[in-house]
Amino acid sequence: AAWSLSLSEASRRAYEQQVQQQLTALEAAKQSLEASEAAQSRLHSEFAASRAEMSEATKTGESHANALRSALASELKSQAAALEARQAAGEKLKAELDHSQR
């Protein structure tokens, strides 16, 4: 009977040790999962921040491009007007020269 009791005691201790190892493994898995979730959350936050920065940079770039386009269009109009004025002045001088040579 004592031998049977010590066998069952050894069996119980082995079972308790197995359960304890499983609990330890589950706790480690839980901590690993929590760390993964925290890392995923950080990545989501960083991604959202990057998207916001890219969106702002795009808006700023578009704004600068629009300002440059506007400035270039203005400059081209100004240069075209100056060229037309020079052409008109040249034609006027030519007409005066032709008239004075007659």
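The values are calculated or read from the model by the stated rules, or taken from the named source; none is laboratory data. Just so you know, these numbers come straight off a predicted model, no measurement behind them. Because the Cβ atoms are built from the backbone with ideal geometry, glycine has one as well, and the counts that use them run over all protein chains shown. Only protein heavy atoms, including side chains, enter the accessible area calculation; ligands, DNA and RNA are left aside. Shrake-Rupley method; radii C 1.70, N 1.55, O 1.52, S 1.80 Å.
Beta carbons closer than 8 Å, at least 6 apart along the sequence or on distinct chains, never pair a first residue in the range 54-75 that is touching a residue at least 24 places away in the same chain (Cβ under 8 Å) and assigned to a helix (DSSP H, G or I) with a second that is open to solvent by 70 Å² or more (accessible area, probe 1.4 Å) and acidic (Asp, Glu).
Given the structure, is Ala88 under 50 Å from the mean Cα position of the chain (by Cα), among the hydrophobic types (A, V, I, L, M, F, W, C), in a helix (DSSP H, G or I) and surrounded by 10 or more Cβ atoms within 10 Å (Cβ to Cβ)? For Ala88, the condition - under 50 Å from the mean Cα position of the chain (by Cα), among the hydrophobic types (A, V, I, L, M, F, W, C), in a helix (DSSP H, G or I) and surrounded by 10 or more Cβ atoms within 10 Å (Cβ to Cβ) - is not met.
A residue that is within 17 Å of the chain's Cα centre (by Cα), part of a helix (DSSP H, G or I) and among the hydrophobic types (A, V, I, L, M, F, W, C) occurs nowhere in the range 4-18.
Okay, residues lined up against (1) on the phi < 0 side of the Ramachandran plot; (2) surrounded by 10 or more Cβ atoms within 10 Å (Cβ to Cβ); (3) modelled with pLDDT of 95 or more:
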position: Ala2; (1), (2), (3): yes, no, no
position: Leu7; (1), (2), (3): yes, yes, no
position: Ala10; (1), (2), (3): yes, yes, no
position: Arg13; (1), (2), (3): yes, yes, no
position: Val19; (1), (2), (3): yes, yes, yes
position: Ala29; (1), (2), (3): yes, yes, yes
position: Glu37; (1), (2), (3): yes, yes, yes
position: Glu46; (1), (2), (3): yes, yes, yes
position: Ala49; (1), (2), (3): yes, yes, yes
